[in-house]
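Only the coordinates and a few stated rules stand behind these numbers; no lab work does. Here the structure is a predicted model, which is why all the values come from computation and not from measurement. Here Cβ is always computed from backbone atoms with ideal geometry, including for glycine, and neighbour counts include all displayed protein chains.
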Amino acid sequence: MPFGDKARSHPNGIIDLSQGTPVDPTPEFIQKAFRDASNSPSYPVTAGTSELRVAIKNWATKRLGATGDFDVLPVIGSKELVAWLPTILESKKVLIPEIAYPTYHVGALLASAQSIPVPIDATTWPDADLAWLNSPSNPTGRVHSAKEIQACINWSRKNGSVLISDECYLEFDQSAHSLSVLSQTGGDNSNILAVHSLSKRSSMAGYRAAFMVGDAALIARIREIRKHAGMMVPLPVQMAMTVALTDETHVQQQRDRYNARKDAMRPALIKHGFTIEYSDSGLYLWCTRNEDAWKSVEWLAGYGILATPGSFYGEAGAQHIRVAMTATDSQIAEAVSRLKG
């Protein structure tokens, strides 16, 4: 990538803010649980250990506000689920956010399904087998309102279609209050799933640890196919997930880190004419100078800072960039220093 080369040529080296890859250490108590379970000669259970299932259910009730009948299922990272779920559900038409994580589209392609970008307003959505909701949004950090989420649920019920809410950034609110789709169903979770990950929440991206919560009948169908496909979360990872979900202190600490980095970067970018849009939750700053995204990427690369062009996330992002806070505090401080000159 020429702009990557340009950033690397900076006298003080590159600061890569283009990747959403956690760099902060996995908390030691999570590492210990993983190590303690490392003698794992048997096949893991696809449905999850009883301890993990209880931990997920308790967390979903307390943190997400889930009510009514629901089930849970661990998965091998949320990206794997997003990519393969349309295939597992034999979807023919998939609705994805108009500014979105590319894997929603890739998942539709893998299933030989039609992929249709749509705005958040579900009253405008066409018929489809499956629709993805993403709040807080990657890349924009937009948090959808209760009214917007309810409209998505109404669409699902009207069409008898599956609605899946990707809520992997829900733990990282700053000036917003994120809501899980499961808090808005009134206890009727039919055709509704919420997807969560421990990659960012607990700095466990390398563990590939995520899970889904929602419609018990739908999860039973998905679980059976995953069982035969060998989609099993390794037992040491399941044990690490179990302890991670029972502690909130490390989550608060990580949230504070990301929010402090965003607070440091905001004024430095604004000084150079960027407008920060949304970005009130999640790990990113969604910025624009009302110019082609690649021009903004090139300009930042001149400071040795690499960002992601918004066009990676759809045509609607063609004049934006995504700046990730998944860099160390010292790297963020260095980026701010360079921009301040």
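The figures follow:
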read-out: Neighbourhood net charge (12 Å Cβ-Cβ; Lys/Arg +1, Asp/Glu -1) for S135; value: -4
read-out: Hypothetical label at N39: residues of segment 237-271 whose amide nitrogen lies under 17 Å (7 Å Cα-Cβ projection); value: 237, 239
read-out: Modelled FRET efficiency - R0 30 Å, K92 with E51, Cβ distances, 0.05 increments; value: 0.20
read-out: Pair T61, S183: separation of 7 Å Cα→Cβ label points (nm); value: 1.8
read-out: Stretch gain in nm, segment D24-Q252, where the contour uses 0.36 nm per residue and the Cα spacing is subtracted; value: 80.7 nm
read-out: Proxy reagent accessibility, fewest Cβ within 10 Å first, across T326, T26; value: T26, T326
read-out: Qualifying chymotrypsin sites (Phe, Trp or Tyr not before Pro) for segment 163-254 [loop in DSSP, other Cβ within 10 Å: at most 12]; value: none
read-out: C-alpha long axis of helix 329-340 to longest principal axis of the chain, angle in °; value: 40
read-out: Packing-based exposure ordering (other Cβ within 10 Å, fewest first) of H250, H228, H196; value: H228, H250, H196
read-out: Per-peptide average of other Cβ atoms within 10 Å, ordering 262-274, 68-80 highest first; value: 68-80, 262-274
read-out: Percent antiparallel among DSSP beta bridges (both partners in segment 28-244, rounded to 5); value: 40
read-out: Segment 1-46-segment 211-278 distance, computed between alpha-carbon centres (Å); value: 14
read-out: Ordering of 128-138, 148-158 by packing [mean C-beta count within 10 Å, highest first]; value: 128-138, 148-158
